[in-house]
Each structure stands twice: as structure tokens, then as C-alpha cells.
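Written out below as C-alpha cells is the structure these notes cover.
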Amino acid sequence: MSETTFHPGRLVMVDIQGKTLDAATADFLRDNRIRAVCLFRKNLGTEAEVRQLTRDLRAVMGPDALIGLDQEGGSVVRATFLPQPPSAMALGAAGDEALAEAVGAAVARGLRGIGINWNFAPVTDINNNAANPVIAERSFGETAQTVTRLADAWMRGSLAAGVACCIKHFPGHGDTHVDSHLDLPTVDKSRAELDELELKPFKALRDVAPSMMTAHIVYPKIDPLYPATLSKTILGGILRDEYGYDGVVITDALMMKAIAERYGYAKAAVLAINAGADMILAQGSLDEQAQAIHALQDALTRGALTVERGRQAEARLDRLARDYPVRLDDYQGTQRDADDVLMRRAWAAGLSALRGALPPAADRPLRVLVQDEVPTDGVSEAGPTGAQVRSLFEGFADVEFVSLADIAALDWSIVPADDRFNIVASTHRARYGAQSAAWRPDLHLVLWNPFQSLDVAAPTVISWGYADGALAALGAWLQGRGTAGGQAPVTLN
């Protein structure tokens, strides 16, 4: 093998530690010929700082650089200073393809302006499991038709606006009750069952999506030995050979416990590329990232990884970078203002009322129970604060706020039985648990996980997220100035 024709660092996407590109990291990128970096919340300062960071990254990695992040919408947005897009399920509740396409384009315009050319979105997982701890409102809905239709529209918008999409998580993360960031989930479905649901969006969109991300999930009836990320049966057999997919396949992060604690960076990196992936996402320290690169190099030397497989992967990545180059367009003024209006309109279109929910009268004494702080879990951004919930009730004459450290621990027996109209406002993601069956609020406001509506038998309004546009729409509804005409794209009765 000639080092001038292929280097394993070309197949590794890394993360970096700060908001600027330090000299040691720049040297590491150059020395290992790395062409791809994934940015996270820890890397994003002001908009000007992000633009400088991506400019510096492109200068080091070259014109075929791939700079990615997760800007799905809803709770999974890294660049929070851009117009805030609705969650996929908010768009599912709105049910409007043209709106989804417009949102996808607006997301891409914002990312293009800060030097991002690869967005790990949209999610094409079908959330048909109400206990799913990690997908929920990140999915467009519970049917293959809804997910395929709206993901296709969203992607059309993004691609036309010049930012590569990455549908995820192949072959489907919607029917899990375990978060793969924390453990290794298993989906015990047959191939026929997967064909009928989970696989449908991926198969339908395979000629549209320039890239796909894998799922760290074991499907024992398909491959009992390896999770999809490392499975030659799933990636090589189903996706590459059967579906004929020739776009880029990137792994989900190898540092996630589902992979790291069972296989380690080095072994997993080689297994993934041999299975059919083109790029591995290797986060961590420079030493940890180097382990993945050295493992691939060692596999090449030993013949456990062929030069042909490496060149094939590199060619796909080259094509992605060529089709969607890094740009730093001006994103200020009229277009940005219009995109912000669009995002707010899309959030409002998804606002959904269940069980006859109606806003309280402005002169009615209210009691609002809310958890004040919800820190980030590393996947989603931090939840809404108690202060943001309080601002929803500025037009009401008499509101008593009850601050809770953990809303799931709420004991309804201590809520006074008086004339106040009781409102539970949920600001966190997890389902409540069994004790919530005893709660009897007059109104339940679900600002995040829609499946919390199954836990409390009360009139409910679901915002599908807590971005500014979502809260503005909910506030308008509470004050009698807005409607809640969205239709839940998942079963909530």
C-alpha cells in the first residue's frame, strides 16, 4: 500500500475539546490526515467564534473537509443561536410536507453560514415504542408513511440549500427501551417484521440520502453476534448488497457505552469499516482517537482490512465533500429574519390539544407546578427553566408557582384542595413513573416528551419541544390568542 493513495485517518471523524482550534489538535489533524470533525455543544461559543473555528478547521483539513453536527430540531440542536427549528414530531403533528421542506432548507441556510456542511439529520427512526428513552419527539411519528414522507421533504429542503443530510439510525432505533449511550439495546424482531416497519424509510430514501448513520443495537434474529454498527450482515448484506446503497455510512459514536465497553475503540473501528461503514465517529482524547486510527493502520498492514475497502470508503467521502463543500455564506438580515418567522410558524402549527384541553380564564386563580432546572444529558440540550414557564403566565392575575426539584417525585396528596386551577408543566424528558397515575391536574402542559401524556389522565397540551417558538405558541394558546390544531402523529390515548 502506498501512503500517498490512502491513509486510514481519512476514514475517522473526531471531535475536539474547545471552542477554538489549539495547536496540538491542529497538528493531530494534519499528522493523521483527518478530514472530518464533529462539533458538539462544548465547541460552540458565539456565532462569530463558531465561524472562526470552522474557518480554521477547513484551513487545516483542506477543501474536502467534512464538518458536522446534530441540528435535528427540538431538543437536539447544537447551534442554539440560529433560528430554532421544530422537532420532527412537531412537524409530524403539523403534517405539512411543504412546511417540512421549508424548515429543512432554513436549517441548512443557518448551518451553511457557520461553515457546517454535514448535518446528522433527519431522524428516520419510527417511534412506535412509548417507553423509548432517546428518540420520542426526535421521530416524525409512529408509521413508516409519516416518517418517510416528512423526512423526504425535510431532506429535499436541506440538500437544495447545500448541506448534506444523514438519516439515522439504520436499521431503526424507534422500538427500543434502552438508550445506547448507556447500554446495548436489543430489538428481537424478525427480518419480516423489520421489513414491515423499521426498514421502510431507509429503503424508500436510499436513493435520496447522501449518508446514513448506524444504530448501536443488536438484532439477534438478523445477526446474533454484532450490533448493526459492526454487522457485516446488516450493513454489508442488507444496506449495501440488497438495497444497493452507495452513499456514505458513518457509525454513531464509538465512545457510546453500547460499543466502547464491549469492543473498545480499536476493535470496533476495524469491524465497522469491514462491515460496510465508510467513516467511524471516534470521540475522546487525542490518544483515544489515535487508537482508532492506529487500529485501522494495523489492520491494513496485517491484511485484516484491504486497501480496496479503504479506497472505496474514501471515494464515497470525497464525493460527499465535493457535492456539499464547506461554505461561510453571510446569514444575516432579511433571510434570517424570515427563517425565524418560519420556525415559529412551524412550532405553532404543531401545538396539539388532547382530551378537550382549554386555556384557563385570565382571572382564574392558578397553581403551576414545575421542575425549575433540567440539565443537559449530553444528547439533548438543557430543558426549559422554571423562569421560562413562569413567563407563559404573565397575563394572568393570580398565579402561585410551586418549584419542584424533581417533578417525578410529586406527591399529589400535598397539593391543596382549594379553588385554584392546577397546572402541571413538564420540563424534563423522562416518563414520570407509576406515582403520576394519582395526579389530578386541571391541565397538563407537556413541553418535551409527548408520551408523558400517557402518564396523567388530564386535559393536555403538547408543544413537542421548548424552543422559543414552541413556548411562544403555547403562551399564546394559554392567553387565548392562539390555537392548538396539531394532530399527534403517535398514539397518545
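What follows is calculated from the coordinates using simple rules that are stated; it is not laboratory data. The structure presented is a predicted model; accordingly, all values stated were derived computationally and were not measured. Glycine also receives a Cβ, built like all others from the backbone with ideal geometry; neighbour counts cover every protein chain displayed.
Rank these for me by crowding, Cys166, Cys38, going from fewest to most other beta carbons within 10 Å.
Numbers: Cys166 25, Cys38 22.
Sorted ascending by nearby Cβ count, the order is Cys38, Cys166.
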Legend entry - Gain upon complete extension [Ile414, Ala338; 0.36 nm per residue less C-alpha separation]: 22.7 nm
Legend entry - Environment charge of Ser436, counting only residues whose C-beta is closer than 13 Å and scoring Lys/Arg +1, Asp/Glu -1: -1
Inset, instruction - Give the residues of segment 294-308 whose amide nitrogen is closer than 14 Å to a point set 7 Å from the Cα of Ala315 in the direction of its Cβ. - result: 307-308
Legend entry - segment 8-323 - share of DSSP beta bridges that are antiparallel (%, nearest 5): 10
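If r is the Cβ-Cβ distance from Leu404 to Val307 and R0 is 45 Å, what FRET efficiency results, to the nearest 0.05?
Computed FRET efficiency for Leu404 and Val307 comes out at 0.15.
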Legend entry - Fewest-first sequence of Thr460, Thr376 by Cβ atoms within 10 Å of each Cβ: Thr376, Thr460
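If each residue of separation counts as 0.36 nm, what is the full-extension length gain between Asp298 and Gln435 once their alpha-carbon separation is subtracted?
43.9 nm
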Inset, instruction - Could I have the simple spin-label model distance between Arg345 and Thr376, label points 7 Å from Cα toward Cβ, reported in nm to one decimal? - result: 3.1
Inset, instruction - Work out how far the C-alpha atoms of the chain reach from end to end along every principal axis, then list the three figures in whole Å, largest first. - result: 79, 51, 38
Legend entry - Paramagnetic reach from Gln17 in segment 283-310 [backbone N under 16 Å; point 7 Å along Cα→Cβ]: 283-291
Inset, instruction - Report the label-to-label distance for Arg191 and Ala131 in nanometres (one decimal), using points 7 Å from each Cα along the Cα→Cβ vector. - result: 2.9
Inset, instruction - Return a single number: how many Lys pairs in the chain, at a sequence separation of 8 or more or on separate chains, have alpha-carbon atoms below 21 angstrom apart. - result: 20
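Going by how many other beta carbons lie within 10 Å of each one, how would you line up Val77, Val147, fewest first?
In order of increasing Cβ crowding within 10 Å: Val77, Val147.
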Legend entry - Backbone HN-Hα couplings from phi across segment 392-400 [Karplus 6.51/-1.76/1.60, Hz, Gly and Pro as x]: 5, 10, 4, x, 9, 6, 9, 10, 9
Legend entry - Using a Förster distance of 30 Å, the FRET efficiency for Ala59-Asp287 (Cβ separation, nearest 0.05): 0.75
